[in-house]
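The next block holds one structure in the form of structure tokens; read it before the comments.
What follows draws every value from the coordinates through simple rules; no lab data is involved. The structure presented is a predicted model; accordingly, all values stated were derived computationally and were not measured. So basically every Cβ, Gly included, is an ideal-geometry build from the backbone, and we count neighbours across all protein chains shown.
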Amino acid sequence: MPSISRLRSTAPVVCFWAYAAFLAAATHAPADEVSFLVRAVDSGVVEPDKLIHVAAYAVLGLLAAVAYGGRWHGPLRAAWPLLLLLAVAAGADEATQPLFGRVADSSDWLADVAGSGIGLAVGLGCLGRAAAAGRGPRADGDAA
């Protein structure tokens, strides 16, 4: 039976990759199959598609922060490498959408990167506070 500390370090990684796979499938599904999201979020103020992109990638950024934030000798040092990786993944996501009958849009990519940054900031901020309180990843990346 796996130890609690091993489950605690593995579960966020599994959640990150499961959500990343879900997000990739959702962003490559035919547009008419996911259009209900746009109608559900339509506020009339901001284009709903961009809100969906920001929210979806904020979740991905948060999960990335929790899964990998403590592995770069502290949460703050993890911010730029994680944001770069998420920006590249978002670019690949947008670039491959035309292969599935979708439209690649640079403003969608910008919304994805903004959402990733928001999620990373929240997640890494929480990790930093937890580490300062002695309840999170230490500077060497190990759980306290």
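Full extension of the chain segment joining ALA55 with ARG77 gains 5.5 nm, where the gain is 0.36 nm per residue of separation less the Cα-Cα distance.
Listing TYR19, TYR68 from the residue with the fewest other Cβ atoms within 10 Å to the one with the most, what is the order?
Details: TYR19 17, TYR68 20.
Neighbour counts put them in this order, fewest first: TYR19, TYR68.
Separation between the PHE22 and ALA104 pseudo-spin-labels, each 7 Å from Cα along Cα→Cβ, expressed in nm? Placing both labels 7 Å beyond Cα along the Cβ direction yields 2.7 nm. Electrostatic bookkeeping for LEU83 treats Lys and Arg as +1 and Asp and Glu as -1; over the other residues with beta carbon under 14 Å from its beta carbon, the sum is 0. Shown in residue order for the range 16-25 are the 3J(HN,Hα) couplings computed by the Karplus curve 6.51 cos²θ - 1.76 cosθ + 1.60 at θ = phi - 60°: 4, 6, 5, 5, 4, 5, 4, 5, 4, 5 Hz (x for Gly and Pro). Exposure proxy ranking for ILE118, ILE52, based on other Cβ atoms within 10 angstrom of each Cβ and starting from the fewest, stands as ILE118, ILE52. With the simple model of a label 7 Å out from the Cα in the direction of the Cβ, ALA29 to ALA130 spans 3.0 nm.
Our coupling estimate for the range 53-68, obtained by passing each phi through the Karplus curve with A = 6.51, B = -1.76, C = 1.60 and θ = phi - 60°, is 4, 4, 5, 5, 7, 5, 4, 4, x, 4, 5, 5, 4, 5, 6, 10 Hz, Gly and Pro reported as x.
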